[in-house]
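The values are calculated or read from the model by the stated rules, or taken from the named source; none is laboratory data. Predicted model, so just to flag it, every value in this text is computed and none were measured. All Cβ positions, even for glycine, are placed from backbone atoms using ideal geometry, and neighbour counts span all protein chains on display.
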Amino acid sequence: MEDVFATLQRRNPGEDEFHQAAHEVLESVAPVIERHPEYARARLLERICEPERQILFRVPWVDDDGEVQVNRGFRVEFNSALGPYKGGLRFDGELQLGTLKFLGFEQIFKNALTGLGIGGGKGGADFSPKDRSDGEIMRFCQAFMTELHRHIGARTDVPAGDMGVGEREIGYLFGQYQRITNRSEPGVLTGKGLGWGGAQLRTEATGYGCAYFVEEMLQARDTSLDGRTVVVSGAGNVALHAIAKVTDLGGLVVACSDSHGVVHDPEGIDLDLVRELKGEDGDGLSAYPDRRRDARYEEDGSIWAIECDVALPCATQNELDEDDARRLVDQGVIAVAEGANMPCTPEAVDVFQEADVPFGPGKAANAGGVAVSALEMQQNAARDRWTFERTDERLVEIMREIHGLCRDTAEEYDRPGDYVSGANIAGFRRVADTMLALGVV
Ligand SMILES: NC(=O)C1=CN([C@@H]2O[C@H](COP(=O)(O)OP(=O)(O)OC[C@H]3O[C@@H](n4cnc5c(N)ncnc54)[C@H](O)[C@@H]3O)[C@@H](O)[C@H]2O)C=CC1
Ligand SMILES: O=C(O)CCC(=O)C(=O)O
């Protein structure tokens, strides 16, 4: 195991987030390799840690001032053993290949946990949509798809949204895909609008799924979200829908945040107000207390200093560190689940686990989004449309199955209550068994 990790570090220098994600999985699956030497003989770990294909490309476009801009586009096609590469696109001015490798790697195991026949991939661009006009965003998306279209397809690789990529961007990407390929193939992207091949609930699915997962973790300990105080970091797609579903399930969400600061509202976050403030013409979260008397806004504050029963990090990677985890544990947190991808540092995860606080890792707790993307692919292939209610029932069922699989797998490997080991081992076994069956490819 150590050798595999050392090689991975050497071959992928400077990609710290990828090292972090890979180290956690390699550590978790060590007992599986001991029980199954055939995996080691087939060099499955080495193969799983190496992307099948990485595509880097130039994205030239013209901004509103007539200036030529040059960005870099990426698609990491990590593993297709279980189905077409599947995973989101991230637009972020600071984006690096190593971040996408960590996200693509996580996606392999997350997608395996859903049981829906999807492989793992991730992509994006070092383009920041912030402060760009709608026309610039459209031209950027068109330039990006002008290269990406060669690599994707309903049976090959199916991107979706992630940070900085929502329904608007998916629309512009899909429009350009259709224009240059002359193929009306809705299954090539997910997260589409409802009028043009999108699925009900895809927008809500990651946040809702995270709330369903934490409810399962709490019920396994004979309690629930009802009456619990909850803190949710972020104010984007995942956070807003996690807040909505936690509230439906009886929880009181008292704080949310963005990259500038933190809102604390002891009466419960007013979601409509957050949406308005975060909207295109909104004043930002700092204006929240102007409209809610008992609320406070702290610029650059730490959301994890706010007392809560349940913490849901839903913003970005490594946003919750060891000190934050200690503070949460000292204040009596009873469950933590990751709505974002890898928001907790490894040291923070250790603190939760040592304190016996149930901890739901992102690859299990936020799998609802990609699961509903797979349902969107299913509907596109069948030219069918499901209702919101039917899709929601299926999402609840999927999140319950993932929770049960992680719990049972952890017990099988003598790690009761350790959802990290459970998720990594269960996801790994599904991919590894398929790779064994497919031979050395
Ligand atoms: N959108 C989806 O369906 C899925 C998203 N995820 C993950 O969830 C996380 C959030 O993604 P989305 O909500 O889709 O993105 P988004 O772009 O809609 O929202 C991200 C939010 O996080 C905030 N943020 C960024 N850095 C922050 C920081 N350091 N502290 C506090 N807030 C910060 C931003 O201001 C924004 O409000 C990411 O880790 C993403 O990879 C995971 C599964 C699926
Ligand atoms: O729905 C998808 O394909 C993407 C979801 C995603 O990017 C994620 O699970 O992190």
Legend entry - Hey, GLY164 assigned by TED's automatic domain parsing to the domain that holds ARG53, within 19 Å of the chain's Cα centre (by Cα), within 16 Å of ligand 1 (Cβ to nearest atom) and part of a loop (DSSP other than H, G, I, E, B) or not: yes
Inset, instruction - Go through the residues of the stretch 73-91 one by one and say whether even a single one is surrounded by fewer than 18 Cβ atoms within 10 Å (Cβ to Cβ), modelled with pLDDT of 95 or more and either over 20 Å from GLN142 (Cα atoms) or among the basic types (Lys, Arg) (or both). - result: no
Legend entry - Any chance ALA371 is assigned by TED's automatic domain parsing to the domain that holds SER302, more than 19 Å from LEU225 (Cα to Cα) and buried (at least 18 other Cβ atoms within 10 Å of the Cβ): no
Inset, instruction - Could you identify the single residue in GLU389, GLU411 that is loosely packed, with under 15 Cβ neighbours inside 10 Å, under 30 Å from TRP196 (Cα atoms) and out of contact with any helix residue (DSSP H, G or I) (no Cβ under 6 Å at 6 or more places or on another chain)? - result: GLU389
Inset, instruction - Of all residues in the stretch 267-295, count the ones that are within 28 Å of the chain's Cα centre (by Cα) and either part of a loop (DSSP other than H, G, I, E, B) or closer than 19 Å to THR229 by Cα (or both). - result: 11
Inset, instruction - Exactly one condition in (1) hydrophobic (A, V, I, L, M, F, W, C); (2) away from ligand 1 (no atom under 15 Å from the Cβ); (3) within 20 Å of SER233 (Cα to Cα) is not met by ALA340; state its number. - result: (2)
Inset, instruction - Taking the residues in the stretch 135-170 that are small (Gly, Ala, Ser) and surrounded by fewer than 19 Cβ atoms within 10 Å (Cβ to Cβ) as candidates, determine which candidate is farthest from ligand 2 (Cβ to nearest atom). - result: GLY135
Inset, instruction - Quick one: in the stretch 301-318, of everything that is farther than 17 Å from MET217 by Cβ and out of contact with any Ser or Thr (no Cβ under 6 Å at 6 or more places or on another chain), which residue is nearest to ligand 1 (Cβ to nearest atom)? - result: THR316
Legend entry - Residues satisfying the stated conditions in the stretch 116-151, i.e. within 16 Å of ligand 1 (Cβ to nearest atom), in a helix (DSSP H, G or I) and of a type in the set (Lys, Arg): none
Legend entry - Matching option when the condition is out of contact with any Phe, Trp or Tyr (no Cβ under 9 Å at 6 or more places or on another chain) and either of a type in the set (Gly, Ala, Ser) or over 22 Å from GLU338 (Cα atoms) (or both), among PRO289, PRO186, PRO266: PRO266
Legend entry - GLY369 vs. criteria within 16 Å of ligand 2 (Cβ to nearest atom) and either touching a helix residue (DSSP H, G or I) at 6+ places or on another chain (Cβ under 9 Å) or among the basic types (Lys, Arg) (or both): yes
Inset, instruction - Could you give me the residue pairs with C-beta distances under 6 Å whose first residue belongs to the stretch 231-259 and is acidic (Asp, Glu), whose second residue is near ligand 1 (Cβ under 6 Å from one of its atoms) wherever it lies, and which are 6+ apart or on separate chains? - result: ASP258/ALA235
Inset, instruction - Output yes when any residue across the stretch 300-323 is over 30 Å from VAL351 (Cβ atoms) and assigned to a loop (DSSP other than H, G, I, E, B), and no when none is. - result: no
Inset, instruction - Report, by residue number, each residue of the stretch 171-189 that is buried (at least 17 other Cβ atoms within 10 Å of the Cβ), among the hydrophobic types (A, V, I, L, M, F, W, C) and away from ligand 1 (no atom under 16 Å from the Cβ). - result: PHE174, VAL188
Legend entry - Verdict on ALA381 being at pLDDT 95 or above and either surrounded by 20 or more Cβ atoms within 10 Å (Cβ to Cβ) or within 16 Å of ligand 1 (Cβ to nearest atom) (or both): no
Legend entry - Out of GLU106, GLU38, GLU52, GLU46, sole residue that is free of Cβ contacts under 8 Å to residues at least 40 places away in the same chain and either within 12 Å of GLY121 (Cβ to Cβ) or more than 16 Å from ligand 2 (Cβ to nearest atom) (or both): GLU52
